[in-house]
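The values are calculated or read from the model by the stated rules, or taken from the named source; none is laboratory data. Owing to the predicted nature of the structure, the values given are computational and were not obtained by experimental measurement. Methodologically, a virtual Cβ is constructed for each residue, glycine included, from the backbone with ideal geometry; neighbour enumeration extends over all protein chains shown. The protein model used for the area step is the full one, side chains on, heavy atoms only, and it has no ligands, DNA or RNA in it. Shrake-Rupley method; radii C 1.70, N 1.55, O 1.52, S 1.80 Å.
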Amino acid sequence: MSTITVFLASSSKVSQRYLDLARELGEQIAERGHRLVYGGSFVGCMRQLSEGAKSRNGSVTGVIPERFHARGIGDLDCELIVTRNLRDRKQIMEDRADAFIILPAGLGTLEEFMEILCLRQIGFHQKPIVIIDP
């Protein structure tokens, strides 16, 4: 069983196709017997991803900074790791990953993608990175 870290938007103010894609990806990860690690928010695309995996009895871990968790948006129906900040969050998500998937999103996801891509390029990991753009 591999652990797949997914970077994606938490926003629900996106096209329905992105929400559907997130849910389908969660379902597929679980159906293939993989564990999901994601940003831990229970809104928008992140919620759909998590719900998709859980609907197929998948293992889900959310990693969320204290600041966001304090807003009441953490996914309480999974293993939820609350971190001090975004840097700690990214480190945990990277450490747990056997592979990364990037879905369409905003600047935060772009920054996460660029970091793992740079780390791979300079030899800190050799984990697969998949970008999905429907």
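Descriptive notes on the structure:
- When residue 37 is tested against the conditions (1) under 17 Å from residue 10 (Cα atoms); (2) loosely packed, with under 14 Cβ neighbours inside 10 Å, the lone failure is (2).
- Residues in the range 1-27 that are free of Cβ contacts under 8 Å to residues at least 24 places away in the same chain and either hydroxyl-bearing (Ser, Thr, Tyr) or under 29 Å from residue 126 (Cα atoms) (or both): 15 alone.
- Per-region count, the range 40-72, residues within 26 Å of residue 124 (Cβ to Cβ) and either without any contact (Cβ under 8 Å) to a residue 12 or more places away in the chain or open to solvent by 50 Å² or more (accessible area, probe 1.4 Å) (or both): 1
- From the options 75, 95, residue that is under 24 Å from residue 31 (Cα atoms), exposed (fewer than 15 other Cβ atoms within 10 Å of the Cβ), acidic (Asp, Glu) and modelled with pLDDT of 95 or more: 95
- Enumerated strands (runs of 3 or more DSSP E) restricted to the range 23-84, each holding at least 3 residues that are among the β-branched types (Val, Ile, Thr): 60-65, 79-83
- For residue 120, the requirement of being within 19 Å of residue 131 (Cβ to Cβ), open to solvent by 60 Å² or more (accessible area, probe 1.4 Å) and not in a loop (DSSP other than H, G, I, E, B) is met.
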